[in-house]
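Throughout, read-outs are computed from the coordinates displayed, never taken from laboratory work. Just so it is clear, the structure is predicted and the values come from calculations on it, not from any experiment.
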Amino acid sequence: MEAASVLAAENNNPLLPHPFELVVGIFSFLVVLIVVGRILVPRLQQTLEERTQAIEGGLERAEQAQKEAQQVLDQYKAQQKAAAVEASNERRKAEEQGAQIIAQAKEQAQVEARRIVENAKAQIEAERQQALQSLRAEIGTLSVELAGRVVGESLEDSARQSRVVDRFLEELEERARTQEQITS
């Protein structure tokens, strides 16, 4: 009895599976393993590979974009440097033109100053000549007046002036004749 009870207990042991269940479980496991191994695993691997490629492609695109950005930055810096050089050249040209304009203005100012000085000299000379003529006329008037006082007659009249001059010339001629007679 003991052996039978052990045997019966062995048959009803809940920890040990029934052989039919064991075969069905193994078969089901193999079917699942084949389905998973043949169908799902390749699809999973394909999906993982696509994601890996997408990530690597994204990294490559990011690296490429970074390289392009660096090239654009280098071009921008080169353009900025060229613009600074061009601005410097333009500033230098403007300074040279300014210096030329200043030199031309100075030269024109000197020419204008010379012209003004020459005009002033000419005007001064004209005024001097006019003053000389005025002075001569005044001296002539004063001389005739003085001669009239010396001679004792008024010489304001032109007829009188010419009579005085004629008489003066006659007196001079007479003196010259007398001197000739004395010396001969």
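Return the lysines within reach of residue 81: Cα separation strictly under 20 angstrom, same-chain partners fewer than 8 residues apart disregarded; answer none if there are no such residues. Partners within reach: 93. Could you give the distance between the Cα centres of segment 67-110 and segment 32-61, to the whole Å? Going from one Cα centre to the other spans 61 Å.
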